[in-house]
Amino acid sequence: MKRIMILGSTGSIGRQALSVIAAHEQQFSVCAVAAHTHWQEAAMQIRQYHIRFACMTNAAAAAALQQEMGRQCTVFSGTAGMLQLMDAVQADMVLTSLVGAAGIEPTLYAIQKGMDIALANKETLVAAGELVMQAAKDKGVHIVPVDSEHGAIFQCLQGRRAEEVDSLLITASGGPHFHRPASEFSKITVEECLTHPTWHMGKKITVDSATMFNKGLEVIEAHWLFHLPFDRIEVVIQPQSIIHSMVQFVDSSVLAQLGMPDMRLPIQYAFSYPARFPVSGAKKISWKELRHLDFFAPCPEKFPSLPLAYEAGKAGGTLPAVLNAANEEAVYAFLRKEISFTRIFSLVAAAVDAHHVQPATSLAAVREADRWARAYVHDKL
Ligand SMILES: NC(=O)C1=CN([C@@H]2O[C@H](COP(=O)(O)OP(=O)(O)OC[C@H]3O[C@@H](n4cnc5c(N)ncnc54)[C@H](OP(=O)(O)O)[C@@H]3O)[C@@H](O)[C@H]2O)C=CC1
Ligand SMILES: CC(=O)[C@@H](O)[C@H](O)COP(=O)(O)O
Ligand SMILES: [Mn+2]
C-alpha cells in the first residue's frame, strides 16, 4: 500500500489524483491533503477518505475546516502548516499539485523528509530546479513527473542509457490561439483563453497554454528532470494532444508515448511506476476516427514566450525564477482583466531584461528573485 499526500487536493490534478486512488484502494491510500481556500471540498475529501491530517494555507479556511471536522482531523494552517503536516505524517509519496512558486518550500521540505515526489507543480522546478534536483540527489529521493509531456519522456527513457539519447521533442497543443493571426492577439479575451482545445485544467495553466508560456516552463522543467542542455530540447506542435512527447535517440530513431488526453494516466503512472494498472473508463485511441496526426513548428514571433523561456533557461541562475514569477503575476492580472493578453509577453520580457542574474544556489536567492519580479510587474501594472 503506497501512502500518498496530496498538496493541492482541491484542484484539477488533486481531484483526479483522488479518483485514481479511489479506483485502486488495494494499492494506494491518501494519508493527508493540503489546499488553499476550498475548505468545504477538503472536508468532503477528509470524510470520504478518512483522512486524519490536513492543511489549508489560507488561515480563515483552516479555521473553518478545523471547526467543521472537530477531533476527526487535525488541520494545520498557513504556508508553514504544509511543513507541519509533513512533520506529522510520513508519506511514501507527495503529489505536488498546488499551483505556482508556492510549491518550492513544501517540495524541498518533503525531499528533506525523504519522501518521493510525484511532481505536477512545474513552477517549482522552473524557479528552483538546481536546489530541488540537488536536494533529491543528496537524499536519494525519486522525482517522478506527472506533467503529461514529462511523463511521456520518462516512459520513453525507461531502460535507456543517457549516452543513447540525442534530444527531447516536447509536444504542444498550440493552445486556443494557434491559428489566429498575430494582428488579433491584443484583442484576445480571458474567456477565449479559458477554453483549451484538448485539456480541462486549472485557470493559471490554461492561460499559460494560451500564451505558450506553459511550453516554455516545460522546456525548463525537462532540462532539470532529464539533465539535457537546452539546444537538445525541441518543441513540436501536435494539435490533437495524442502524442504526449517523444525522445530522439542517437541512431535517429524516435520513441513516442501516445494516449487520449486524460491526466489520470500520467498521475496514476507516477503512483504505480514501474507497474501499470488499468485506468477505469479511460478512452482508448480510435485509430479509425483519428486517421491522422498533425505536426507544426512553433511560431516565435506570435509566441515570444518560447524564446524568452529558452533565454532564461540558458542564462540559468535566478533568471528562470524571475520568468516564472513575472508570468504568474501577469497571468493573474490578465485573469482580473487589468491587462491585455499581449501585455503578459511584454511584462515578462521586461522583467527578464531588467533582472541582474544571481546564482540560484540558495532558497533565499530564489525567493529574493521571485519577490523582485513580482514587485517589478506590480510597478508596471
Ligand atoms: N491541470 C492539469 O491538467 C495539469 C496541471 N499541471 C500543473 O499542476 C499544478 C496544479 O494545476 P491545476 O490542478 O490545474 O491547478 P488548480 O488551479 O486547479 O488547483 C490548484 C490547487 O492548488 C491550491 N493552491 C492555490 N494556491 C495555493 C497556495 N498559495 N498555497 C497552497 N495551495 C495553493 C488550490 O487550493 P484551493 O482550490 O483550495 O484554493 C488547488 O488545490 C500546476 O503547477 C500546473 O502547472 C501540470 C500538468 C497538467
Ligand atoms: C496536460 C498537460 O500536461 C498540460 O501541460 C498540457 O500540455 C497543456 O497543453 P499545451 O500543450 O497547450 O500547453
Ligand atoms: Mn504539460
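Read-outs throughout are calculated quantities, based only on the coordinates presented, and are distinct from any laboratory measurement. Just so it is clear, the model here is predicted, and its values are computed rather than measured. We place every Cβ from the backbone using ideal geometry, glycine too, and count neighbours over all the protein chains shown.
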Percent breakdown of C-alpha pair distances by 10 Å bin, ordered from the shortest bin, for the stretch 92-161: 22, 54, 22, 1
DSSP bridge pairs, the chain: antiparallel proportion in percent, nearest 5: 25
Cα-Cα separations in the stretch 266-377 greater than 25 Å, expressed as whole percent: 48
Extension gain, Val236 back to Glu289 (0.36 nm per residue minus Cα-Cα distance, nm): 16.8 nm
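Grab the eigenvalues of the alpha-carbon gyration tensor for the stretch 2-145, scale each by 5, take roots, and send me the semi-axes largest first in whole angstrom.
23, 16, 13
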The chain: relative contact order in percent, alpha carbon pairs under 8 Å with at least 6 residues between: 15
15 Å beta-carbon shell around Ile205, net charge (K/R +1, D/E -1): -2
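At a 10 angstrom cut-off on C-beta neighbours, averaged per residue, how do the peptides 109-117, 287-295, 145-153, 73-81 rank from highest to lowest? The partial results should precede the final answer.
Working: 109-117: 19.9, 287-295: 8.6, 145-153: 26.8, 73-81: 18.0.
The most tightly packed comes first, giving 145-153, 109-117, 73-81, 287-295.
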Inter-label distance for Lys2 and Tyr332, nm, one decimal - labels placed 7 Å from Cα along Cα-to-Cβ: 3.2
Overall dimensions of the stretch 316-380 by Cα: Rg and Dmax, Å: 11.5, 36
Global geometry of the chain, whether rounded, prolate or oblate, following the gyration tensor of its Cα atoms and the 1.5 cut on a/c: rounded
Calculated P(r) of the stretch 50-105 - Cα pairs past 19 Å, %: 27
Gain on full stretching of the segment that runs from Ala63 to Glu163 - 0.36 nm per residue minus C-alpha separation: 30.7 nm
